[in-house]
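Taking it in order: structure first as C-alpha cells, then the write-up.
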Amino acid sequence: MRKRNSAASLAVSRLKGLDMTPDLQSLNTLFDARQSCRAFRPDPVPRAVIEDILRTAQKVPSWCNAQPWKVTVCSGAATERVRAALLKAAEGGGHTPDLPFPDGYSDEYQQRRRDCGWALYEAVGVQKGDRAGSARQMMENYRLFGAPHCAILSSPAELGSYGAMDCGGFVAAFTLAARAAGVASIPQAAVASFAPLLHELLEIPDDRIILCAISFGYGDEDHPANSFRTSRAALEEFADWRG
C-alpha cells in the first residue's frame, strides 16, 4: 500500500517559494486536502452541515446567474433505495445516460485515466489481469462506496452543455465546501449511466438532464482505497500564454 501523503505536506511543497496572499494560501491548502473518497464510514452527516455545504456551493458563478443546478439529496432509507437499485441495474448492464459519455480517451487524457485506475488498483490489491477484482472495484461505484448520502445533480435540458458547465462549477464548490466542513466526497459520473432509473426512483422530471452524483459522508481514512492521491499536470502543460 502506498504511503499516504498528508494534505499539510502537499500544501507546503506546492506553496514553497510562491508569493501568495493568505486567502490564496488557504484556498490551496483546501484544494490539497480534498480527494475523491472511495470508502466511507456509515455515520450520517447532520442535516445542518449538509445545508451549509449546499449554501456555500451555490455561490459559484453561472451564465446570466441562471443557477441551473437542482440537487436531489438522499439520506438514510433513500440512499439505501438508490444503492440497491443501482447495484441491481449494474448487474444487468445497459447503460443509458442522459448526457452521452465520452467517445474515448486519447493521448495524455488516456494516460492520466490509466494512471488513476492503476493507482487505485494497487492500493486495494487488484493485480493486472485480475478481471474479477477489477469488476468488484467497479461495482463499488454503484454501492456509492458505502457513503451514507448521495446528491444527484441535474440541469435543464434546454440549457444544454452550458447548463452542464455551470453545474460543473457547483460540483467543484460542493466538494471543497464539504472538505472545509470535514466531510469527504466523490463526484460520480458512473451513477448517471442509469439515468432512467434515477428519474423514476427520485421523481426527477424528464426535462432535466441527470449529470452525475456526489456521494458524501465521513471518510474511512484507514481504508486502502483512500491511501493514494492523483497528480496534476505542470502549468506549462495546460496554460497557453499570449501577449
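Computed from the coordinates by the stated procedures, all read-outs in this text should not be read as laboratory data. Everything quoted here is computed from the prediction, not taken from an experiment. Methodologically, a virtual Cβ is constructed for each residue, glycine included, from the backbone with ideal geometry; neighbour enumeration extends over all protein chains shown.
Here the stretch 192-206 is scanned for amide nitrogen atoms under 19 Å from the site 7 Å beyond the Cα of residue 80 along Cα-to-Cβ, giving 201-202. Taking amide hydrogens as placed 1.01 Å from N in the peptide plane, the amide H of residue 74 sits under 5 Å from those of 150, 151, 152, each at least 5 positions away in sequence or on another chain. With a Förster radius of 25 Å applied to the C-beta separation of residue 135 and residue 157, the computed FRET efficiency comes to 0.15. The longest stretch of the chain left intact once loop-based chymotrypsin sites (Phe, Trp or Tyr not before Pro) with at most 15 other Cβ atoms within 10 Å are removed from consideration, loops following DSSP, is 106-240. Under the simplified labelling scheme, the residue 107-residue 207 pair shows an inter-label distance of 4.0 nm, with each label point 7 Å from Cα along Cα→Cβ. Projecting the Cα atoms of 29, 154, 61 onto the charge dipole of the chain, computed from C-beta unit charges around the Cα centre, puts 29 farthest toward the positive end.
Taking the Cα centre of the chain as reference, the dipole from Cβ charges on Lys and Arg (+1) and Asp and Glu (-1) amounts to some 680 debye.
A simple count of charges around residue 210, restricted to other residues whose Cβ falls under 13 Å of its Cβ and scoring Lys, Arg +1 and Asp, Glu -1, yields -3. Taken along the Cα-to-beta-carbon direction at a fixed 7 Å, the label points for residue 67 and residue 96 span 3.3 nm. Restricting attention to the chain, close to 95% of DSSP beta bridges with both partner residues there are antiparallel. In terms of its C-alpha gyration tensor, the chain comes out rounded, because the ratio a/c of the largest to the smallest axis stays below 1.5.
For the pair residue 172 and residue 128, a Förster radius of 41 Å applied to the C-beta separation gives a FRET efficiency near 0.80, rounded to the nearest 0.05.
Among residues other than residue 179 with Cβ under 14 Å from its Cβ, the summed charge is -1 (Lys and Arg +1, Asp and Glu -1).
Remark: the residue 52-residue 200 segment gains 50.5 nm on full extension, using 0.36 nm per residue and subtracting the alpha carbon distance.
The alpha carbon centroids of the stretch 83-118 and the stretch 186-243 are separated by 11 Å. Loop-located trypsin sites (Lys or Arg not before Pro) across the stretch 175-243 with a Cβ neighbour count of 12 or fewer within 10 Å are 232, 242, with loop assigned by DSSP.
In what order do 73, 171, 191, 183 fall by count of nearby beta-carbon atoms within 10 Å, going from fewest to most? In increasing order of surrounding Cβ atoms, one gets 73, 171, 183, 191. Annotation: amide H of residue 219 within the under-5 Å range of 41, 184, sequence separation 5 or more or interchain, hydrogens built in the peptide plane.
With r defined as the distance between the Cβ atoms of residue 19 and residue 238 and R0 fixed at 30 Å, what FRET efficiency is calculated, to the nearest 0.05?
So the FRET efficiency works out to roughly 0.90.
Note that the stretch 228-240 has calculated 3J(HN,Hα) couplings of 10, 10, 8, 9, 10, 5, 5, 3, 5, 7, 10, 9, 10 Hz, one per residue in order, obtained from phi through the Karplus relation 6.51 cos²θ - 1.76 cosθ + 1.60 (θ = phi - 60°); glycine and proline are x.
Modelled label positions at residue 34 and residue 115, each set 7 Å beyond Cα in the direction of Cβ, lie 1.9 nm from each other.
Just rank 199, 149, fewest to most, by other beta-carbon atoms within 10 angstrom.
Arranged by neighbour count, lowest to highest, 199, 149 become 199, 149.
Relative to the Cα centre, the charge distribution of the stretch 111-243, modelled as +1 at Lys and Arg Cβ and -1 at Asp and Glu Cβ, gives a dipole magnitude of about 420 debye.
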